[in-house]
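S.K.: Have a look at this one.
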């Protein structure tokens, strides 16, 4: 009997060795996807509020010397796309343009807020010799973490020859949010403006009515491709703007 059991055990070990095993390598980027979504969504929302149509049809140079942001490539490229989609004629050099549009970023960053109902993690020092101290782990009843991103931007345009201001966007401010809630041992329950639906550990929580469809509508271009529209829809002006910005009385921003 023992000899048969030994043979079966040896056979099982041999089969296990033949089957082999595998591993999965998991990596992480320096910045989380949530942080990047928060910042770029806040920027896109602020940019949607800018109306570039008064600049349509005029050769314009975009000056981005005062645009500094961690996602500068996205910020500058989205500025150019929005201006072009609203009929602005962008020039690569200032000397080729009639007007210069100067852009600036006043805020582009994130904040995080946390609160807890329960017992915070506590370290107990060694008071009596021979009795070691220790750490009491965090025991949350309800725990919430809020992440917020804020984007503040402004633009203005001036005539390159006269130096007179011809257009001002005003200051645009927008925010984006991501929230995680833990209730007892359940969580995180995720919500916020960057998420289309409430989720629990990445799984959608069914809701009676969703505030926004999962597939947001886009702009259908050539070939049936769908793309997001960063700029408000507009109708190109039928009448041209004045040839010179010196006559500010005929300019209607």
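Let's see how each residue does on (1) in a helix (DSSP H, G or I); (2) at pLDDT below 95; (3) in contact with a strand residue (DSSP E or B) (Cβ under 8 Å, 6 or more places away or on another chain):
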residue: 12; (1), (2), (3): yes, yes, no
residue: 15; (1), (2), (3): yes, yes, no
residue: 45; (1), (2), (3): yes, no, yes
residue: 63; (1), (2), (3): no, no, yes
residue: 77; (1), (2), (3): yes, no, no
residue: 102; (1), (2), (3): no, no, yes
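S.K.: Suppose the filter is on the phi < 0 side of the Ramachandran plot, at pLDDT below 95 and not in a loop (DSSP other than H, G, I, E, B); does residue 24 pass it? Steps first, answer last, please.
M.R.: Details: on the phi < 0 side of the Ramachandran plot: yes; at pLDDT below 95: yes; not in a loop (DSSP other than H, G, I, E, B): no.
Answer is no for this residue.
S.K.: Tell me, which residue of segment 157-203 that is surrounded by 14 or more Cβ atoms within 10 Å (Cβ to Cβ) and at positive phi is modelled with the lowest pLDDT?
M.R.: 187
S.K.: Scan segment 117-136 and tell me whether some residue there is part of a strand (DSSP E or B) and either under 30 Å from residue 75 (Cα atoms) or out of contact with any strand residue (DSSP E or B) (no Cβ under 9 Å at 6 or more places or on another chain) (or both). Explain how you work it out, then say what you get.
M.R.: Our first condition is that a residue be part of a strand (DSSP E or B); within segment 117-136, this holds for 117-119, 122-124, 134-136.
This time we only want the ones that are either under 30 Å from residue 75 (Cα atoms) or out of contact with any strand residue (DSSP E or B) (no Cβ under 9 Å at 6 or more places or on another chain) (or both), so: none.
No - not one qualifying residue is present in segment 117-136.
S.K.: Among the residues of segment 83-122, write down those that are surrounded by 16 or more Cβ atoms within 10 Å (Cβ to Cβ) and within 17 Å of residue 151 (Cβ to Cβ).
M.R.: Within segment 83-122, 103, 104, 105, 108, 110 qualify.
S.K.: In this structure, is residue 103 on the phi < 0 side of the Ramachandran plot and under 20 Å from the mean Cα position of the chain (by Cα)?
M.R.: yes
The values are calculated or read from the model by the stated rules, or taken from the named source; none is laboratory data. In this text the structure is predicted, and so the values were computed from the model without any measurement. When we count neighbours, we look across all protein chains shown, and the Cβ atoms used for this are built from the backbone with ideal geometry, even at glycine.
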